[in-house]
Every structure is written in C-alpha cells, then in structure tokens.
Amino acid sequence: MKNQTKTVEYNLEASEFNWDIAPGKTIKAWGFNKQVPGTTIKATVGDTLVIRVTNNLSEPTMIHWHGLRIPAVMDGTGVVQKPIQPGEVFVYRFVVPDAGTFWYHSHLNETVQIEKGMYGALIVEDKTDPVFDGEKIFMIDDMKLNKENEFTTPKWFLPRIVERHDGREGSTLLINGKENPTINIHAGQTERWRFINSSSARYFVLHLAGKEFKIIGTDGGLLEHPRTVTEALITPGERIDIAAGPFTEGETFAIESLEYNRSTFLKAKRQKFATVLVGEKKSSVAFIPEALRKIEPLAKQDAVITRKVKLSVGPSLKDGMDFLVNNDVHVNDKPVRVGELQIWEVSNTSLMDHPFHLHGFFFQVIEENGKAPEHLAWKDTINLTPRSKTKIAWMPDNRPGTWMYHCHIIEHHAAGMMANFEVIDADKTNDDMIAEHVHHCH
Ligand code: C2O
Ligand code: CU
C-alpha cells in the first residue's frame with residue numbers, strides 16, 4: 001500500500017516576548033509563537049509542509065530548515081531569498097523526503113537571533129520507525145546573560161576577542177528553554193530521546209550519569225545498527241537519537257554534559273542540564289531491532305578527492321582573527337554538477353575544533369584522519385578536531401541552485417568561515433558553469 005501523504009500547515013510568528021527560563025527568571029527572548037524553542041513541527045515522510053512565517057520582530061529574518069533535503073529556493077538563506085522584513089509574511093513550502101530529527105533556526109543576524117531563542121525542532125516520522133514507549137525532544141542551548149538576565153555584547157577588545165574566538169557560550173544552561181527541568185519517565189520503559197544542539201558554540205557531551213544508552217540515529221536518520229555507549233558528543237547543529245531506558249523505579253539522575261576541551265580561552269566544565277525522575281513501573285512495548293535500516297555506501301575510502309575545503313584561523317587587524325575557508329572569508333566556491341559524486345577533503349589546520357555543516361544534502365564520512373569510520377551514517381554536520389582531515393562523499397541530486405556550507409559555531413560563521421556554491425543542472429555546459437560562477441562572484 002502506498003503512503004498517504006498529506007499537507008501539513010504551520011504558522012510561525014517571530015517576535016520578542018517575555019520567557020521564563022526558571023521560576024522568577026525572565027528574559028526578553030526572540031522566538032517563534034512566543035516560546036523557546038518555537039512550536040515543534042511534525043510531519044511524515046512525503047508530506048508537504050506549508051509554513052507561514054510572520055515577522056513581528058523589529059529587524060528582518062529568514063528561516064533555515066537544517067538538514068532537510070528541500071529545493072534550494074526554500075533553504076532560507078540570503079543567497080536564495082530576500083529577508084523577511086518586519087511586518088511581512090513569507091510562506092515556505094516543501095516536501096519532507098527523509099525521516100529524522102531536524103530543526104529550524106534563523107539564518108540572519110544569527111549571533112543575535114539564534115542566541116535569543118529563534119529555533120525549534122522539526123521531526124519527520126516514518127511508518128517503519130522502531131516502536132518506543134514514548135518520545136521526547138531535547139533542544140540543548142545556553143545563553144549568556146548579565147545579572148539582570150539581559151543579553152549584552154562585550155564592549156571591550158579582549159572579551160570581544162574571546163567571544164569571537166570561542167563562540168558565544170553562556171552559563172545559563174537550557175533544555176527546551178528551561179534551566180534544569182525535571183524529566184519524567186516510567187520505570188521499565190524505553191523512550192526515544194531526540195537531542196538537538198541549538199547552541200551557538202557549546203560542545204555537548206551527552207552523559208546519563210554513566211548509564212548505557214543506545215544511539216539509534218544521527219543527523220540524517222537511523223543508523224544501520226544501534227550502538228551502545230555511555231557518552232556521545234553533539235556539536236552545535238548536530239542531532240542524535242537515542243534509546244533511553246529501561247530505568248529502575250525511584251531512581252533519579254542527571255542529563256549532563258562532560259567537559260570537552262576544544263582549545264577555547266574559557267575552560268570546559270562538566271555541567272548538569274536536567275534531572276531525570278524515574279516513576280512507577282509500567283509495561284513496555286518498545287522494540288528496537290538490531291537491523292534499523294540499510295545504508296548504501298556512496299564511495300570507498302580511497303575515492304579520488306574532487307575538492308579540498310580548508311578551515312583555518314588567520315590574523316585580522318580589525319578583529320584580532322578571521323575564520324577562513326581556503327584562506328579567504330565569505331567564499332564563493334566552485335559549482336558542482338547534478339549527478340556527479342563529490343568527494344571532499346575537509347581539513348582543519350587551526351588549533352581549535354569546528355563543526356562543518358553542509359546545507360541541503362547528507363554526506364557520508366569515508367575517511368577520518370586516515371582511517372575508514374567504524375560505521376556508516378548520513379550526516380549534515382561533523383566535527384573537525386584541530387589539525388585533522390575528513391573525507392566526505394555526497395551526491396548532488398537534482399536540486400540545482402545556490403547552497404552553502406559553514407562552521408556551525410555561529411560566531412565563526414559570521415566571522416567568515418562559510419562558502420556559497422552552485423549546484424548546476426546536469427545538461428549545462430562547462431562554459432555555462434563558468435559564466436554562472438563569475439556572475440555569482442560579482
Ligand atoms: Cu543550521 Cu547554515 O545552518
Ligand atoms: Cu568554527
């Protein structure tokens with residue numbers, strides 16, 4: 001029987017509003033439908049989403065659908081659409097082709113707009129998803145607030161340099177817009193917990209007080225097999241789905257992040273984000289098969305590299321340092337052609353980590369620092385440790401237009417570590433491609 005697809009409509013109003021992150025602790029947030037995170041968008045594979053965005057902020061905005069393989073014109077960036085001005089409405093409309101945990105966020109003045117709360121989860125389900133006793137979404141964030149719970153930006157050179165270099169990290173730790181929320185789960189049950197790192201710069205190392213959990217999915221949906229671990233790194237932009245439980249009645253433990261040293265000025269710490277309370281025992285219907293799905297490898301480890309993308313940090317007179325792609329800031333990269341397999345070597349020559357994000361397409365890691373990865377996964381964001389090289393493979397399917405890649409530490413993206421490039425129709429000639437490339441560079 002064929003899937004019955006449907007059209008699912010949502011309204012998202014972007015505005016400023018008061019938001020309680022804890023009892024008696026209120027911030028002036030920017031977000032969608034007066035909540036942080038914004039309304040969770042849900043659909044089933046093949047559905048058409050129609051999302052009407054009304055901008056009631058005092059400045060323009062645009063919305064990017066992080067991880068969705070949709071047409072270029074719907075990608076929500078400044079290279080494919082005009083900003084949505086205050087008072088204006090823009091309707092995004094696209095089919096969701098893949099099941100998984102995705103998210104949406106502002107793609108304009110992000111260092112302000114995302115920091116203040118302009119993000120939400122977007123979940124795409126499939127009939128073949130494994131069965132759980134329940135499901136929760138956890139959007140990880142932190143905010144940098146002053147004593148009056150206001151967002152301020154550093155005025156002086158040194159703190160400004162720290163924020164530019166480290167990315168903006170704050171000491172207000174949030175899960176779903178709340179400080180240290182209580183999470184309830186029944187003893188004996190197993191739930192699907194979808195983690196999304198929506199912070200500007202925080203490296204979140206998921207840890208459930210040392211308890212084992214199973215990773216079942218990443219950015220682009222399910223893995224081939226569940227992987228049992230006790231910790232998992234989730235960089236800004238990344239997602240991980242886990243099977244959590246079963247736990248014992250009456251237990252309580254923390255959802256925390258272990259320290260991750262990414263060579264920042266500010267020291268990494270182990271920190272608590274939420275408290276889990278395990279309630280009364282209930283029966284379980286959860287079933288997580290060993291074979292979750294099949295992922296066809298796109299390329300072998302020794303596939304010939306078609307492009308090199310080098311991330312680095314260089315000196316800048318004005319701001320202390322620039323964040324570079326192939327030795328330049330805000331780059332126009334060469335086009336790629338529909339149907340031509342891409343093998344990119346993404347390298348990081350700097351002394352700090354960068355989460356590399358490709359818009360609109362999933363890739364597979366085929367080599368990491370000289371080694372083939374232990375398992376296959378569909379990804380749109382991957383971490384590059386200092387002085388490292390990763391080979392990724394991806395296929396430009398038939399969605400021509402302008403796309404981009406960038407570091408998902410929002411301050412690095414803003415400081416230049418990003419590039420646009422064209423995906424060109426298969427039937428265009430090389431001359432057409434060169435002409436379009438020249439056109440976009442000017
Ligand atoms: Cu979540 Cu341009 O990215
Ligand atoms: Cu970076």
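The values are calculated or read from the model by the stated rules, or taken from the named source; none is laboratory data. Only a predicted model underlies this, so the values are computations on that prediction, with no experimental measurement involved. For neighbour counting, all protein chains shown are included, and Cβ atoms are generated from backbone atoms with ideal geometry for every residue, glycine included. Surface areas here come from the heavy atoms of the whole protein model, side chains and all, with no ligands, DNA or RNA. Shrake-Rupley method; radii C 1.70, N 1.55, O 1.52, S 1.80 Å.
Using every pair of alpha-carbon atoms in region 281-359, split the distances into 10 Å bins beginning at 0 and state the percent of pairs per bin, rounded to integers.
13, 31, 24, 15, 11, 6, 0
For a test of the definition: using alpha carbon positions, the gyration tensor, and the 1.5 limit on a/c, classify region 1-153 as rounded, prolate or oblate.
On the way: a/c = 2.35, a/b = 1.42, b/c = 1.66.
Oblate, because a/c is 1.5 or more while a/b does not exceed b/c.
Could you sort out which of LYS308/LYS371; LYS214/LYS294; LYS28/LYS147; LYS136/LYS300 sit more than 24 Å apart by Cα distance in this structure?
Numbers: LYS308/LYS371 18 Å; LYS214/LYS294 18 Å; LYS28/LYS147 14 Å; LYS136/LYS300 36 Å.
Exceeds cut-off: LYS136/LYS300.
For the chain, modelled as a Gaussian network with Cα springs under 10 Å, which listed residue fluctuates most, ASP425, ASP75, ASP219?
Among ASP425, ASP75, ASP219, the largest GNM mean-square fluctuation belongs to ASP425.
Using Cα pairs under 8 angstrom and six or more residues apart, how large is the relative contact order of region 237-386, in percent? Mind dumping the intermediate values first?
Values: 190 pairs, mean separation 31.5, N = 150.
Relative contact order of region 237-386: 21 percent.
Along the positive direction of the dipole of the chain (beta-carbon charges: Lys, Arg +1; Asp, Glu -1; about the Cα centre), which of ALA72, PHE362, VAL112 reaches farthest?
Going by the charge dipole, the pick is VAL112.
Could you identify which residue out of HIS375, HIS66, HIS107 has the top mean-square fluctuation in a GNM of the chain using Cα springs shorter than 10 Å?
HIS375
Restricting to Cα atoms and excluding each atom paired with itself, what does the Kirkwood estimate give for region 1-82 in Å? Don't jump to the answer; show the numbers that get you there.
Working: mean 1/r = 0.0676 Å⁻¹.
For region 1-82, inverting the mean 1/r across all distinct Cα pairs yields 14.8 Å.
Specify the inter-centroid distance of region 29-102 and region 283-311, based on alpha-carbon positions, in whole Å.
Distance between centres, Cα-based: 27 Å.
Say R0 is 60 Å: what FRET efficiency, to the nearest 0.05, do THR128 and SER316 get from their beta-carbon distance? It would help to have the intermediate numbers written out before the result.
Numbers: r = 50 Å, r/R0 = 0.83.
Plugging the Cβ-Cβ distance into 1/(1 + (r/R0)^6) gives 0.75.
Ignoring ligands, DNA and RNA, what percent of the accessible area of the chain is carbon or sulfur (1.4 Å)?
Values: 9840 of 18860 Å².
Solvent-exposed carbon and sulfur of the chain make up 52 percent of the total.
Compute a Gaussian network model of the chain, connecting alpha carbons closer than 10 Å, and tell me which residue from LYS211, LYS144, LYS318 fluctuates the most.
Among LYS211, LYS144, LYS318, the largest GNM mean-square fluctuation belongs to LYS318.
Ignoring ligands, DNA and RNA, what accessible area per residue does the chain give at 1.4 Å, in Å²?
Values: 18860 Å² over 442 residues.
Dividing the accessible area of the chain by its residue count gives 43 Å².
Shape of the chain from its Cα gyration tensor (a ≥ b ≥ c, root eigenvalues): rounded if a/c is under 1.5, otherwise prolate when a/b > b/c, or oblate? Show your work: numbers first, answer last.
Details: a/c = 1.35, a/b = 1.17, b/c = 1.15.
Rounded, because the longest to shortest axis ratio a/c is under 1.5.
Magnitude of the Cβ-charge dipole of region 1-128, K/R +1 and D/E -1, about the Cα centre, nearest 20 debye? It would help to have the intermediate numbers written out before the result.
Details: 12 positive and 13 negative charges, 48 e Å.
Rounded to the nearest 20 debye, it is 240 debye.
In nm, to one decimal, how far is the ILE305 label point from the LYS147 one, both placed 7 Å along Cα→Cβ?
5.2 nm
When only C-alpha pairs under 8 Å and at least 6 residues apart count, what is the relative contact order of the chain, in percent? Intermediate results must be reported in sequence, preceding the final value.
Values: 1194 pairs, mean separation 62.1, N = 442.
The value is 14 percent.
Check which residues have an amide H placed less than 5 Å from ASP47's amide H, if you skip close sequence neighbours.
LYS6, VAL96
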